[in-house]
1. Hey, any idea what the orientation-averaged projected area of the convex hull of region 219-264's Cα atoms comes to, in nm²?
2. Could you check the simple spin-label distance between residue 37 and residue 396, using points 7 Å along Cα→Cβ, in nm with one decimal?
3. What ³J(HN,Hα) values, in whole Hz, does the Karplus curve 6.51 cos²θ - 1.76 cosθ + 1.60 give for region 118-130 when θ = phi - 60°, with x put for Gly and Pro?
4. For residue 255, what accessible surface area do you get with a 1.4 Å probe? Give it in Å², rounded to 10.
5. With a 1.4 Å probe and all protein chains kept in place, how much accessible area does residue 119 have, in Å² rounded to the nearest 10?
6. Starting from one equal scatterer on each C-alpha and no solvent at all, send me the Debye-based log10 I(q)/I(0) for the chain at q = 0.13 Å⁻¹, two decimals.
7. Where a Cα-Cα gap under 22 Å defines reach, which lysines qualify for residue 386, not counting those fewer than 8 residues away within the same chain?
8. Mean shadow of region 1-133, computed from the convex hull of its alpha carbons, in nm²?
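The values are calculated or read from the model by the stated rules, or taken from the named source; none is laboratory data. Small disclaimer: the values here were computed from a predicted structure and weren't measured. Note: ideal-geometry Cβ built from the backbone for every residue, glycine included; neighbour counts use all protein chains shown. Just the protein is used for accessible areas: all its heavy atoms, side chains included, with ligands, DNA and RNA removed. Shrake-Rupley method; radii C 1.70, N 1.55, O 1.52, S 1.80 Å.
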Amino acid sequence: MGSANTGAEIPTRHPSAPVAVPGLTPFAKMMGIGAPDATTWTAMGESLLVGDEPMDTLVDWMLRTGMGTTRPLFEQAVTQGIDTVTDAPQPLRDFFTAVETPPDWLDEQQLRRGEQVLRRGGYDGLYLARDVSFLGGYLASGFNKTLLRTGALEKGPAQRFAETMQWALDVQNGMGRFEPGYRSTLHVRFVHSLVRRHVAAMPDWDERAWGVPINQTDMAATLVGALIAPFIGGLAMGIVPSRADREAAAHLARYVGHLMGVADEWLPTGYRDSVRILYHTMTAITNPDDTTRQLALPMANDPLTWNYPNLPWLRGQVARAQHLSIASMYLGPSAMRKLGLWPYMPPWYPLLRLPVNLARSVATRISPAARRHAEERGLREQAAFKRLLVGSDPAEVGMSAHHLQATA
């Protein structure tokens, strides 16, 4: 499951030519990024058949040996390092030796700056991640096939986004060895492997049509979609980080992807390359179908049921309109229709935020105190939004796959 079969046919979900990408095509053209060439196009199709061989091999060994024995050893290696595991079994040592060896290109200073930039995102950064990356991501129906088979509808959009948000919060709170983002990313990688194995074994999984669950092409798109797309969208809302900040965020995304099991060929080497990877992968995986509406409609209506401390009906209606105004502005009427949503909502919220965010962007460029304040405010707003989504309920990373871990 970790690697494609030589000579295997590209799954039929891969289109014959690049498709239009809502909201992103004009920005890519503005940056001088054209459509993927024939080599890249074929590579994206072939990567639909490639999982994460190192983690898939480790999980196979863990299951054969017994999760009751191997899972505590895995957790100890994640939190304390492989050298603390007495007489570590060779499969575990091989995996974690590779994970704990920093890649030659890793720049710790860039990594720390990237974390700081992410912390400044606050409410608007999260809204862009939710209403553009997350909601727009449902246009990629190949990925939806896996989501639906892991209980995405039963869990609900608030819980699912809160879990993804918790991973992003962990990432921005430290990607150094054994820090929150490092641990969280390795847990996500482990869960991905369990899901890949579980879904691929289902009798209704059609690999010929859809490829391998949680494959390299989908992972590459998800990585830059989660960590870089909000920077792209933020420009239209007045969030204008410096070039150095954008490059630091891209470097952070590159290291996160490295730990997540994304192949080197799909890791961004800079901000422009992040946009290229996002644009190219989305031209290959944007293929809406019935699952698109199935997942998008509950998410669009989800603000009606969030945990408001007062005036829940009124605040729910306002929040629903607010989030649809963001989605509509970025995704456009055609994509909104494909999502099963009202095609147009005036972009009142992004326009209201534009002058505020522009002023803050200028301040953070010139004042270290303003940058510190922006980070503190961002952390407060992110914590408040998480409470709004799930109240006091937990939203730990990988929670949605606990049933797979329990039965593994």
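1. Value for region 219-264: 3.1 nm².
2. 4.8 nm
3. 5, 5, 6, x, x, 4, 5, x, 5, 4, 5, 5, 6
4. 10 Å²
5. My reading of the accessible area for residue 119 is about 40 Å².
6. Debye output, listed in q order: -1.16.
7. Excluding near neighbours in sequence, the set is 155.
8. Answer in nm², one decimal: 12.9.
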